[in-house]
Amino acid sequence: MDDLRSPLVPIREASAPDREAIVRIARASFDRVYAFFAVRGLGRADPLLVAEDGGAVMGFLEGIVFPGAPPIGYVYFVAVDPSRRGRGTGRTLVAGAIERFRAAGATRAFAAVPKDNDASRRLFESLGFQEAPRSALRRWYGWRGITAQIRMVIAPHEVLMARTFTDPSPASVQEAPGPSS
């Protein structure tokens, strides 16, 4: 497996003492609604990763693995302290989540990205994610995909991004119907 992480940005599983820094970064990175949901989801995130520099938390990622055969990996939130952006931290966090999704047996990872957030889209695209129609979850996973999509809470102004590791389905991202709202 290729290592997509930057060797310069150490990541680890978050712990209780990291909460204050995560909340600070969420509030500095997101509008009030996204920050609220990022903080609210901390207790349910798995993986919950932090990137640190000299012991200081400089970014975090909240993900989830939806159970089933195969599991479905989803990145809920990724944020980097505004003063530390542009150093590969977000890329390293997402790559760390991808490794954990693969280890859990997932064949794909997903993320929802605001349509107008070019930096976030470029980040996910640089790691092999492609825009996928919302119907892809239903098509690839049936009812379980619909349930996962409901729990993902993809807003109307967001696009679904998908990265396939191995493809057990009859259709790849490119073969699925075009993007829908």
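We did not get these values from a lab; they are worked out from the coordinates using the rules stated. For clarity, every value in this text was computed on a predicted model and none was experimentally measured. Glycine gets a Cβ as well: all are built from the backbone with ideal geometry, and neighbour counts include every protein chain shown.
Quick notes
- Computed Kirkwood radius, in angstrom, where 1/r is averaged over Cα pairs of the chain: 16.4 Å
- If R0 is taken as 25 Å, the Cβ-Cβ distance between A16 and F37 corresponds to a FRET efficiency of 0.80.
- The Cβ shell under 12 Å around A109 holds other residues with a net charge of +3, Lys and Arg each +1, Asp and Glu each -1.
- Computed on the range 67-106, the Cα convex hull volume stands at 51 Å³ per residue.
- Remark: the R44-H157 segment gains 38.3 nm on full extension, using 0.36 nm per residue and subtracting the alpha carbon distance.
- Charge tally in the Cβ shell below 15 Å around S15, where Lys, Arg are +1 and Asp, Glu are -1, S15 excluded: -4
- With the gyration tensor restricted to C-alpha atoms of the range 41-139, the semi-axes of the equivalent ellipsoid amount to 23, 17, 11 Å, longest first.
- Paramagnetic reach from T166 in the range 105-136 [backbone N under 15 Å; point 7 Å along Cα→Cβ]: 105-109
- If you take all other residues with their beta carbon under 11 Å from the beta carbon of F77, and give Lys and Arg +1 and Asp and Glu -1, the sum is 0.
- Rounded, prolate or oblate (a/c below 1.5 giving rounded, otherwise prolate when a/b exceeds b/c) for the range 1-76 by Cα gyration tensor: oblate
- Here the extension length gained between N117 and A103 equals 2.1 nm, from 0.36 nm per residue of separation less the Cα-Cα distance.
- For the peptides 15-26, 121-132, 68-79, the ranking by packing is 68-79, 121-132, 15-26, with the highest mean count of neighbouring Cβ atoms within 10 Å listed first.
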